[in-house]
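Worksheet for the structure shown next.
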Amino acid sequence: MNRIAPFLAPWVLIGAILAIWQIACRLTHIPTFLLPSPSDIGAALAVGWPALLQAALNTLVMSLEAWVVALVVATILAMGTALSPLVERALAPIAATLQVTPVVAIAPLFVIWAGLEHPERAITVLAAIVAFFPIFSGTVTGLASADKDLERLFDLYGATRTQRLLRLRIPSAVPFWLEGAKVAVGLSIVGAVVAEFVAGSGGSQGLAWRILESSHQLRTADMFAALLVLAILGVGMNAIVRTIERRLLNTWRGR
């Protein structure tokens, strides 16, 4: 029982919340367009699942593309900071600017640059910008966290910067890099959804567009159904990356 309880606890809590929600909606007779009951949301999900599935796939593709772009660019730039202090000083203000700049403020520009007929390109780039900083920051922190005694040993043997990077700093940075990648995969979904909201075009046909379309028609149950699919997508991606992270770390540490 002690082993089963941690697994059952969240499901019991979710079931209790849904039951209270359902009963409250029925007793208070809240209009469906204000707050649909869980049964209304389930019915909307059952009817609209083909469109929601396609929208989820579109959002997933854009998010994964953005995540991969952010992973590659952030890792390469972080490696550059380890090789040259000048590169680090040059990139620091740019990285900080990307972190604090709201994606909604720059989204219209990227939509124009990408072309109104290709909103998915702008959405992918904007999501990559959102996902960039955790990977970059984590990798830079990891590269700088190498053991100081080993740093002095490398100095003693006259190691070059490239040798120090490949044989000391990268191994030290792997856990930090994986943690940044795990955070970034969730942010890539957030960035894709926010960018699609701002783009205001159905050309990408992602989950955000389904939410917008439903809100304009006061189909609140359909909005909740799209939000549920979006939440499942985010949790699923996070769980997959978390599993990959755990296995890679176990392999890396020889477990």
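Here segment 145-255 is treated as an ellipsoid with the same Cα gyration tensor; its semi-axes, largest first and in whole Å, are 46, 16, 8. Normalise the Debye intensity by I(0) for segment 67-113, one equal point scatterer per Cα, no solvent, then take log10 at q = 0.20, 0.25, 0.28 Å⁻¹ and round to two decimals. So the normalised log intensities work out to -0.79, -0.97, -1.02. For segment 48-123, carbon and sulfur atoms together expose 77% of the accessible surface, with a 1.4 angstrom probe and every protein chain in place.
Computed per residue of the chain from DSSP H runs no shorter than four, each worth -39500 (n - 2.57), the mean residue ellipticity at 222 nm is -28500 deg cm²/dmol.
Express the relative contact order of the chain as a whole percentage, based on alpha carbon pairs under 8 Å and six or more residues apart in sequence. It comes to 27 percent, rounded to a whole number. Let me make sure I get this right: for the chain, a, b and c are the square roots of the gyration tensor eigenvalues over alpha carbons, sorted descending. Under 1.5 in a/c it's rounded, otherwise prolate if a/b > b/c, else oblate. Which is it? Since a/c reaches 1.5 but b/c is at least a/b, the shape of the chain is classed as oblate. Applying the Karplus relation 6.51 cos²θ - 1.76 cosθ + 1.60 with θ = phi - 60° to segment 80-96 yields 3J(HN,Hα) values of x, 5, 6, 7, 9, x, 5, 5, 4, 5, 6, 7, 4, x, 5, 5, 5 Hz, where x marks Gly and Pro.
Given a Förster distance of 30 Å, report the FRET efficiency between Ile240 and Leu13 from their Cβ-Cβ distance, rounded to the nearest 0.05. With a Förster radius of 30 Å, E is 0.80. Within segment 80-185, the chymotrypsin sites (Phe, Trp or Tyr not before Pro) that combine a DSSP coil assignment with at most 10 other C-beta atoms in a 10 angstrom radius are Tyr157.
Full extension of the chain between Arg247 and Leu83 yields a length gain of 56.2 nm, computed as 0.36 nm times the residue separation minus the alpha carbon distance. Within segment 1-105, the trypsin sites (Lys or Arg not before Pro) that combine a DSSP coil assignment with at most 16 other C-beta atoms in a 10 angstrom radius are Arg3. The long axis of helix 5-28 is offset from the longest Cα principal axis of the chain by roughly 40 degrees.
Given +1 at the Cβ of Lys and Arg, -1 at the Cβ of Asp and Glu and no other charges, the dipole of the chain around its Cα centre is 820 debye to the nearest 20. Per residue, the chain exposes 57 Å² of solvent-accessible protein surface, assessed with a 1.4 angstrom probe and all protein chains in place.
The long axis of helix 220-252 is offset from the longest Cα principal axis of the chain by roughly 30 degrees.
The values are calculated or read from the model by the stated rules, or taken from the named source; none is laboratory data. A quick note: this is a predicted structure, and the numbers were derived from the prediction, not measured. With ideal geometry, Cβ positions are generated from the backbone for all residues, glycine too; neighbour counts draw on all protein chains shown. When the accessible area is computed, the model is the full protein with side chains, heavy atoms only, and any ligands, DNA or RNA have been set aside. Shrake-Rupley method; radii C 1.70, N 1.55, O 1.52, S 1.80 Å.
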